[in-house]
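Novice: Sharing a structure below in structure tokens format, with a few things to ask.
The values are calculated or read from the model by the stated rules, or taken from the named source; none is laboratory data. Bear in mind the structure is a predicted one, so any value in this text is a computation, not a measurement. Neighbour counts run over all protein chains shown; Cβ positions are idealised from the backbone, glycine included.
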Amino acid sequence: MADDVDQQQTTNTVEEPLDLIRLSLDERIYVKMRNDRELRGRLHAYDQHLNMILGDVEETVTTIEIDEETYEEIYKKTVTELMENQYG
């Protein structure tokens, strides 16, 4: 019984960066990508290169435009619902 508790504590601890990802399997995660892109979805699988298979994915792309009269930055977000996709 003590071995079960020790094993459970070992499997739920975060000692390496990939441990946190392992603990996030089948959970909804947030991935910040280059070029102002963001992904939110359920993590199904990953590998040592951090290629990920996500389900029920929502992609958000933020674009910045400059108002020619006021020179203010205008932020526009485009949200796209995606189904089973693989991002790497």
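Novice: Identify all residues within region 70-87 that are at pLDDT 90 or above and not in a strand (DSSP E or B); write none if there are none.
Specialist: Passing the criteria: 70, 71, 72.
Novice: Something else now. Does at least one position in region 54-64 carry a residue that is part of a strand (DSSP E or B) and farther than 30 Å from residue 17 by Cα?
Specialist: yes
Novice: Can I ask one more? Please count how many residues of region 25-43 are over 17 Å from residue 78 (Cβ atoms) and either of a type in the set (Lys, Arg) or surrounded by 14 or more Cβ atoms within 10 Å (Cβ to Cβ) (or both).
Specialist: Total satisfying the criteria: 4.
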